[in-house]
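The next block holds one structure in the form of structure tokens; read it before the comments.
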Amino acid sequence: MLSTQAETHKPIGNTAVDIPLGKVFEDGGTSKFYVLPKVFEQEVCNGLDKDTVCALLLKKNVLYRKDEGRYQLKVRLPGVGHAWTYCITDEIFSLDV
């Protein structure tokens, strides 16, 4: 669940360019990565079908979503504004697939 309190964030990825690769937000001890769609498709899916990847991440409880049938959610990112993102929790690093 997204925190209603002010969230701390730190940029990740290539800071040499003006395109953020994602943001990390702490929420009650859980880090959430807000990944922009183009980066998600290129880096996370890496040639795999994005709907299949999303379904697997959702099944493993590491993809957060608000609406049934939609894998992305719209959030306001510092320095970016409102953007559609994929929200992935830090538990992705402990997956055994």
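At a glance:
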{"read-out": "Segment R76-K38, extension gain: residue separation times 0.36 nm, minus the distance between their alpha carbons", "value": "12.0 nm"}
{"read-out": "Using θ = phi - 60° and Karplus 6.51 cos²θ - 1.76 cosθ + 1.60, couplings along region 74-85 (whole Hz; Gly, Pro as x)", "value": "9, 9, 9, 9, x, x, 10, x, 6, 8, 7, 9"}
{"read-out": "Gain in span if fully extended, T52 to A83, counting 0.36 nm per residue against the direct Cα distance", "value": "8.9 nm"}
{"read-out": "L95 paired with K60, simple spin-label distance in nm, labels 7 Å along Cα-to-beta-carbon", "value": "0.3"}
{"read-out": "Candidates per GluC sites (Glu not before Pro) in region 26-97, loop by DSSP, up to 10 other Cβ within 10 Å", "value": "E68"}
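Read the figures in this text as sums done on the coordinates, not as results from a lab. The structure presented is a predicted model; accordingly, all values stated were derived computationally and were not measured. Note: ideal-geometry Cβ built from the backbone for every residue, glycine included; neighbour counts use all protein chains shown.
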